[in-house]
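Asks: Provided herewith is a single structure, encoded as structure tokens, for subsequent inquiry.
The values are calculated or read from the model by the stated rules, or taken from the named source; none is laboratory data. What you see is a predicted model; the values in this text were computed from it and never measured. Positions of Cβ are backbone-derived with ideal geometry, glycine not excepted, and every protein chain shown enters the neighbour counts. Just the protein is used for accessible areas: all its heavy atoms, side chains included, with ligands, DNA and RNA removed. Shrake-Rupley method; radii C 1.70, N 1.55, O 1.52, S 1.80 Å.
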Amino acid sequence: NLSTVSEFVFVGLSDAPEVRLLLFVLFLLIYLATMVGNITLLVAISTDSHLHSPMYFFLSNLSLLDLLCPTITVPKMLGALLLEHKEISFSGCLFQHFSLIHVVGTEIFLLAVMAYDRYVAVCHPLRYPSIVSTKLCAQLALGTWAAGLLNSLLHTSLVFTLSFCGPNKLQQYYCDIPPVLALSCSSTRSRELVILAVAGVLGSSACVVTVVSYIYILLEILSRNSPGIWHKAFSTCGSHLTVVCLFYGTTICTYVRPSFTYSPHRDRVVSMLYGMLTPLLNPIIYSLRNKEVKCALRRVISRV
């Protein structure tokens, strides 16, 4: 007898009590460190007048996304580890999936916008204030959030309008696209093709903007050939380039591939990289590579 699935069960976590407690402590510490790092960066940017510029405006949006990404998944995972409450309702899974894809999609577009911002700063420094105006910053930020929302609506509608009438055990610690598709009892081939096509078009578009921006930056550096230009350019773009490589590498490994290559154990490791470690590392990368941010953080800490 087939019945409609009303809830899902996460089975991507260890069942051994001693390991489960260790994982709970580890993930809790990572989550708290992520919250502290990104909140501190947001406070520094909002309260320090030296950081009221387009670059740090986009960085504050990135920190907000890095706050939301683990908050969507980690509290439920911590509850499953500590209380062994591994069930999530169908509607709860849908909302978690929708929120996560929204945040991930928005971050992809935001990184492309930040690459364009760095291109203007390096290649057109004198015209930078007039090109990247306050109005344009607001429009670009709003556009990234709107594009992420539309992308999430499309993906969520494609995944959760499928029929789920058999197994309900998710080989993951949150509701992600590959494990949810693997549980559907209807044909998913056409939906997978649409998801891959949309993800490919949107992701590659954002990637092209990022790559082209850095190609122009590189050409500008080579054409000037002045002393110290490489160090100055790396200090301007190095943090963003590091974050882009880290984020794109883990995201592409997770989403841009067909479902028959889905491997629960490997995917859990990769998803933890972009779901937990990337939001933790982003504020560290930007603070270590940026003197202005370090000075602002010192002023915030001294005031506290």
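Asks: Straight-line reach from K169: which aspartates and glutamates have Cα under 18 Å away, leaving out those fewer than 8 places along the same chain?
Replies: List returned: E7, D15, E84, E87, D267.
Asks: Moving to a separate point now. What are the residues whose amide H is under 5 Å from the amide H of K169, where those residues sit 5 or more places off or on another chain and H is modelled from the backbone?
Replies: Answer set, sorted by chain and number: V9.
Asks: Moving on to the next point. Under the 0.36 nm per residue contour assumption, what length would be gained going from the current alpha-carbon distance of A138 and S302 to full extension?
Replies: Using 0.36 nm per residue and subtracting the Cα-Cα distance, I get 55.9 nm.
Asks: Taking the Cβ of D48 as the centre, find all other residues whose Cβ is under 15 Å away and add up their charges (Lys, Arg: +1; Asp, Glu: -1). Walk me through the intermediate numbers first.
Replies: Details: positive: K291, K294, R298, R299, R303; negative: E292.
Neighbour charge sum, excluding D48 itself: +4.
Asks: Give me the net charge of G79's neighbourhood, meaning all other residues with Cβ under 14 Å from the Cβ of G79; Lys, Arg count +1, Asp, Glu -1.
Replies: +1
Asks: Given a Förster distance of 35 angstrom, what is the FRET efficiency for H50 paired with H85, based on the Cβ-Cβ distance and rounded to 0.05?
Replies: The pair H50/H85 has a calculated efficiency of 0.15.
Asks: How much net charge surrounds L162 when only the other residues with a Cβ under 15 Å from the Cβ of L162 are counted, with Lys and Arg +1 and Asp and Glu -1?
Replies: 0
Asks: Under 17 Å Cα-Cα from K291, which aspartates and glutamates qualify once same-chain neighbours fewer than 8 residues away are excluded?
Replies: The reachable aspartates and glutamates, counting only those whose Cα sits under 17 Å from K291, are D48.
Asks: How much solvent-accessible surface does S91 expose, in Å² to the nearest 10, with a 1.4 Å probe and all protein chains in place?
Replies: S91 exposes around 80 Å² with every protein chain in place.
Asks: Calculate, in nm to one decimal, what S6 and L32 gain on full extension: separation in residues at 0.36 nm each, minus their alpha carbon distance.
Replies: Stretched fully, the S6-L32 segment lengthens by 6.2 nm.
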